[in-house]
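Notes to accompany the following structure.
The values are calculated or read from the model by the stated rules, or taken from the named source; none is laboratory data. Quantities reported herein were computed from a predicted structural model and do not represent experimental measurements. As a convention, Cβ positions derive from the backbone with ideal geometry for all residues, glycine included, and neighbour counts pool all protein chains shown. Note: accessible area is taken over every heavy atom of the protein model, side chains too, but ligands, DNA and RNA are not part of it. Shrake-Rupley method; radii C 1.70, N 1.55, O 1.52, S 1.80 Å.
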Amino acid sequence: MIATPGNPGIARWAECAAADPCDGAAIVELARRNSIDLVVVGPEAPLVAGVADAVRAAGIAVFGPNAAAAQLEGSKGFTKDLCRANGIPTGDYIRADRMQDALAALDRFGAPVVIKADGLAAGKGVTVAMSRAEAEAAIRAAGDGPLVVEEFLEGEEASLFALVDGDTAVPLASAQDHKRVGEGDTGPNTGGMGAYAPAPVLTPELEERAMDEIVRPTARALAVAGTPFSGVLYAGLMLTTEGPKLIEYNVRFGDPECEAIMPLIEGDFAELLHVVATGRLAEIDPPMLARKHAMTVILASRGYPGTPVSGGAIRMIDAAEQVEGVTVFHAGTAFAGASLVAKGGRVLAVTAVADTFANARARAYRAVDQIDFADGFHRRDIGWRELAREDA
């Protein structure tokens, strides 16, 4: 297995190769040179840049959508327009290319209101403004767009992951993320400070509604447009009193939910991805998940989601992984000589699996407490909603 660009964590299992992940020609050349028969494009930027298109054109199986379908994540406005055209439940919205147009849109929605950067923003381009003043500040900070000004939806959020192969879409897993940087869900949005899976709030009935009313109509619309989706479609949902509504799509597994759901997937995961990549999803039984619970806690560098402190030493990961059921996934790490150091905002994803949610949570925090990362921080309340439900 080869990973590019890779990091010290994945280097335990894969050979790390130096290549630009957004350069389709470079990825094709790397795959051909190493006789690779399946390319998995993980991040959103290469997908939006058309790396999957280049790999497909070279006759190599690839898990990940083409650039046109990847606009589901690459452009919030594209997704909102697709929802409106196909009757897919989502919040009302206005697209604005100029700051003055976005400010004028506030008259329609009042406050609270959601301000979204239209393009890729690494999970941080969203402001949930609780007042008009906060909304105006977010719009002025963004300047002349493009922006999406969106109705604020009431409810609880959940994430639904579906495997999609053209017209075929099957549910894979659910999770619940914690976007705000601070405990009690306070502070600015981040790419995610922790997650757990499955998300009991997304009941089987609500999951099927989301598949029938949101995911499958999206897959059909893209297929009809001649840009069929192939890969994983991550639907960020708001569970309103009227039913599930789409907040946004990711066209990848996404962090930190990915780290929470991966340990639960049973069977040969690479073969499952190959099935999707080769258009055979309708021919297999639905993927199965272990009847267990997983929790992921993110360790981030001080300053995140603003400018993070880089270069901080990280020690004792081995001790953390001695905790039963725990895996420590690397995100923003690098080697400085023989020392492991932080390189980026979100640095580690500490994931624990157990038979109950409470045990998974306890294991995750026991492992977190083993890690020596003086320049890091984390939330201590990941999973608080589920704990509150268990205590009720």
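Just one of the listed residues (Gly191, Gly182) is of a type outside the set (Lys, Arg) and within 14 Å of the chain's Cα centre (by Cα), and it is Gly191. A single member of Leu153, Leu120 is open to solvent by 60 Å² or more (accessible area, probe 1.4 Å) and within 21 Å of the chain's Cα centre (by Cα), and it is Leu120. The residue of region 92-106 that is surrounded by the most Cβ atoms within 10 Å (Cβ to Cβ), among those that are closer than 10 Å to Val148 by Cβ and not aromatic (Phe, Trp, Tyr), is Ala102. For Arg140, are the conditions met, namely being free of Cβ contacts under 8 Å to residues at least 40 places away in the same chain, out of contact with any Asp or Glu (no Cβ under 7 Å at 6 or more places or on another chain) and open to solvent by 60 Å² or more (accessible area, probe 1.4 Å)? Judged against the criteria, Arg140 is not a match.
Evaluation of Asp165 against the conditions (1) of a type outside the set (Lys, Arg); (2) touching a residue at least 12 places away in the same chain (Cβ under 8 Å); (3) open to solvent by 40 Å² or more (accessible area, probe 1.4 Å) shows that the sole unmet condition is (3).
Inside region 90-102, residues that are at pLDDT 95 or above and touching an Asp or Glu at 6+ places or on another chain (Cβ under 6 Å) make up a count of 3. Residues that are closer than 15 Å to Val232 by Cα, touching a helix residue (DSSP H, G or I) at 6+ places or on another chain (Cβ under 8 Å) and either in a loop (DSSP other than H, G, I, E, B) or open to solvent by 20 Å² or more (accessible area, probe 1.4 Å) (or both) within region 40-59 comprise Val40, Val41, Glu44, Val48, listed in sequence order.
Checking region 267-285 against the condition returns a match, with at least one residue being within 22 Å of Phe229 (Cα to Cα), assigned to a loop (DSSP other than H, G, I, E, B) and touching a helix residue (DSSP H, G or I) at 6+ places or on another chain (Cβ under 7 Å).
The single residue among Thr327, Thr296, Thr333 that is open to solvent by 30 Å² or more (accessible area, probe 1.4 Å), at pLDDT 95 or above and under 30 Å from Ala162 (Cα atoms) turns out to be Thr327. Of the residues making up region 186-244, those that are of a type outside the set (Gly, Ala, Ser) and farther than 27 Å from Asp167 by Cβ are Thr186, Pro188, Asn189, Thr190, Met193, Tyr196, Pro200, Val201, Thr240, Thr241.
The number of residues in region 233-262 being touching a Pro at 6+ places or on another chain (Cβ under 9 Å) and in a strand (DSSP E or B) comes to 9. When region 342-392 is filtered for residues that are among the hydrophobic types (A, V, I, L, M, F, W, C), open to solvent by less than 20 Å² (accessible area, probe 1.4 Å) and in a strand (DSSP E or B), the ones remaining, listed by number, are Ala342, Val347, Leu348, Ala349, Val350, Ala352, Ala354. Close contacts from region 186-215, counting a first residue that is without any contact (Cβ under 8 Å) to a residue 24 or more places away in the chain and a second that is in a strand (DSSP E or B) and not charged (D, E, K, R), with Cβ to Cβ under 7 Å and a gap of 6+ residues or different chains, come to Gly187/Val181. Taking every residue in region 271-286 that is touching a residue at least 24 places away in the same chain (Cβ under 8 Å) and farther than 12 Å from Val170 by Cα and pairing it with any residue that is among the acidic types (Asp, Glu) and open to solvent by less than 50 Å² (accessible area, probe 1.4 Å), at least 6 positions away or on another chain, the pairs with Cβ-Cβ distances below 7 Å are Gly279/Asp165.
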